[in-house]
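Report on the following structure.
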Amino acid sequence: ATGVENATTETFTVVPAEAASLELAGLTLTAVAGATREVQVTVWDAFGNVATNYTGTLVVRSTDATASLPASHVFTATDAGHFTFAGIVLKRAGSHQVTVQDVGVATLSGLQNVGVVAGEPSTLAFTQVPT
């Protein structure tokens, strides 16, 4: 606009607000039973900034009761709002959900639907027909 002079402010730092949502990436919509998977988690504030100051604890859960899941993770400043959970193994064929959730704030969670298909047979058994 005319009549307005340019101005320079002092340097300032924008810090993220408290964590508001989790974004999950890395899990595909379809997985083979028994395959090892990982999920990358990003913690966001309500304004679209990565919540680099988040220090909560996240846990991985699944609707596959036979799944092998990684231990919970306590975020530190080093994580800067990002963490990869490795070692997720869904074992039962069918439709399942993988959820990552803050242990203290139930509403802070992310969900991924995964269709698990049967893998290669691991054993072959024969039974003798009774005579």
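Simple spin-label model, 7 Å along Cα-to-Cβ: residue 7 to residue 25 in nm? It works out to 3.8 nm between the two label points. Note on residue 127 and residue 77: their simple-model spin labels are 6.4 nm apart, each label 7 Å out from Cα toward Cβ. Here residue 66 and residue 14 are evaluated by their C-beta separation; at R0 = 35 Å the FRET efficiency comes out at 0.20.
In the chain, a dipole from Cβ-located charges (positive for Lys and Arg, negative for Asp and Glu) runs towards its positive end, and of 63, 6, 108 it is 63 whose Cα lies farthest in that direction. Think of the range 19-115 as a dipole: +1 on every Lys or Arg Cβ, -1 on every Asp or Glu Cβ, centred on the Cα centre; then among 40, 96, 85, 96 lies furthest on the positive end. A Stokes-Einstein calculation at 4 °C with viscosity 1.567 mPa s, built on the Kirkwood radius of the range 25-131 over Cα pairs, returns a diffusion coefficient of 84 µm²/s.
No value in this document is a laboratory result; all are computed from the given coordinates. Nothing here was measured: the structure is a model prediction, and the numbers come from that model. Quick reminder, even Gly has a Cβ in these numbers, built from the backbone with ideal geometry, and neighbours come from all protein chains shown.
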